[in-house]
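Reviewing the structure listed below.
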Ligand code: OSB
Ligand code: MG
């Protein structure tokens, strides 16, 4: 498969509402999109790096540089027949997994189109719909949060995840659990606590949570294993899991009982599938996380969520929760049963609104295959 061009764009897109986590507030997204042209087909990938290096060391500008200077030229010099070849092509570049995933996922999109398969079918997906949850940012007051939860539950979402941090945790969870005794509820600390907060975190056990996500350090397994011994509530790891080996380490050490898989965080579909398989073989359920993606990243997340071990509702939700105008057509919608139907047309299954993308683009660079002399 000859790579004819890799076009990297940066789009600026305001979120419909700010999203606050324990590490800060996001109001405007800077989205990197890779458009890869190959023998008449076009594949799209989205970079899930955030605007600042707070969730991970990668951020928008580091990913841009990694793609333009290293990964794009390396890919353009090869003719990968499959998304599964990208790891070999990128192996000299350490880390930069979100940048790698941007390109690799676009190659998987092309491969699916060439095979006439939906991306879900290409990767071995077994579902026709995926169960959806929502991730709710930190709000300025508990009544405001309760109102938002009310709205999301009536829209059909199957699980509510609350961002938490010291000062926005026990009281919030208590109020929510009291108001809705039966709902599926979880929380995500994004590393806001230390092991010395274990006595405090034990209080979370009173709220019958599905899980607590990444309570401790972003790069830790050992302290999470010590904390898990003290908690009834299952720990889910997000930030810590970079690849299949991390998955094995975390499971072996009993650092978690559930894993959140994010395509960007693990470096693309190949590694995401490997993480999924490793967890499934060991009886650990997984779910698909989100990084405030546009419809392009969202469509990749939908395909990934069709794998068998994605048994828990993910953070993959409707386009309209994030964007006034999403860049795909149709936009992602969630049924009143809280499900997204997996498209069965070749590739990602959503058209790309190229006119809108062009209007939102603030930076663009074309990376071509090197001309071979002679
Ligand atoms: O930890 O899951 C996270 C958003 C940005 C960075 C980290 C996380 C999140 C979310 C949002 O929880 C999930 C989504 O709705 O896209
Ligand atoms: Mg998380």
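When a/c reaches 1.5 or more, the comparison of a/b and b/c decides; with that in mind, is the range 1-59 rounded, prolate or oblate per its Cα gyration tensor?
prolate
Rounded, prolate or oblate for the range 32-74? Axes are the square roots of the Cα gyration tensor eigenvalues, ordered a ≥ b ≥ c, and the cut-off for rounded is a/c under 1.5.
oblate
Hey, how many Å between the Cα centroid of the range 282-305 and the Cα centroid of the range 204-280?
15 Å
Within the range 19-40, name every residue whose backbone N is under 17 Å away from a label modeled 7 Å from Cα of residue 68 along the Cβ vector.
Of the residues in the range 19-40, 30-35 have backbone N under 17 Å from the label point off residue 68.
Take the alpha carbon gyration tensor of the range 48-147, find the square roots of its eigenvalues, order them as a ≥ b ≥ c, and report rounded if a/c is under 1.5; if not, report prolate when a/b exceeds b/c, else oblate.
Oblate.
Between the range 92-157 and the range 1-63, what's the alpha-carbon centroid distance in Å?
14 Å
Would you calculate, for the chain, the mean residue ellipticity at 222 nm contributed by helices, counting each DSSP H stretch of 4 or more residues as -39,500 (n - 2.57) and dividing by all residues, to the nearest 500?
It lands at -9000 deg cm²/dmol.
Among DSSP beta bridges lying fully in the chain, give the percent that are antiparallel, nearest 5.
Looking only at bridges with both residues in the chain, the antiparallel portion is about 60 percent.
When each pair of different Cα atoms in the range 297-357 is counted once in the 1/r mean, what is the Kirkwood radius in angstroms, to one decimal?
About 12.4 Å, per the Kirkwood formula over Cα pairs.
Over the Cα atoms of the range 100-140, how large are the radius of gyration and the largest Cα-Cα distance (Dmax), in Å?
Gyration radius and largest Cα-Cα distance of the range 100-140: 15.2, 49 Å.
Using Cα atoms only, what is the angle between the long axis of helix 170-179 and the major principal axis of the chain, expressed in degrees (0 to 90) to the nearest 10?
Result, in degrees: 80.
Along the Cα→Cβ direction, 7 angstrom out, place labels at residue 254 and residue 147. What is the inter-label distance in nm?
4.5 nm
Taking only Cα atoms, what is the 0 to 90° angle, nearest 10, from helix 269-281's long axis to the longest principal axis of the chain?
The angle comes out near 40 degrees.
Under a point spin-label approximation (7 Å from Cα along Cα-to-Cβ), what is the residue 79-residue 23 distance to one decimal in nm?
Simple spin-label model gives 4.1 nm for this pair.
Tell me, 64, 180 in order of fewest to most beta-carbon neighbours within 10 Å?
180, 64
State, to one decimal in nm, how far the label point of residue 171 lies from the label point of residue 196, with both points 7 Å from Cα in the Cβ direction.
Going by the 7 Å Cα→Cβ label model, 2.3 nm.
Could you put 291, 226 in order, starting from the residue whose Cβ has the fewest other Cβ atoms within 10 Å?
The most exposed by this proxy come first: 226, 291.
Give me the percent relative contact order of the range 121-351, please, defined on Cα pairs under 8 angstrom at least 6 residues apart.
23 percent
Rounded to the nearest angstrom and ordered from largest down, what semi-axes does the equivalent ellipsoid of the range 145-239 get from its C-alpha gyration tensor (root of 5λ)?
24, 13, 11
For a bin width of 10 Å, list the pair-distance distribution of the chain built from all Cα-Cα distances, rounded to whole %.
In order of increasing distance, the bins hold 5, 25, 35, 24, 9, 2, 0, 0 percent.
Could you calculate the contour length gain from residue 308 to residue 92, that is, 0.36 nm times the residue separation minus the distance between their Cα atoms, to one decimal place in nm?
74.6 nm
No value in this document is a laboratory result; all are computed from the given coordinates. Since we're looking at a predicted model, the values are computed, not measured. Neighbour counts run over all protein chains shown; Cβ positions are idealised from the backbone, glycine included.
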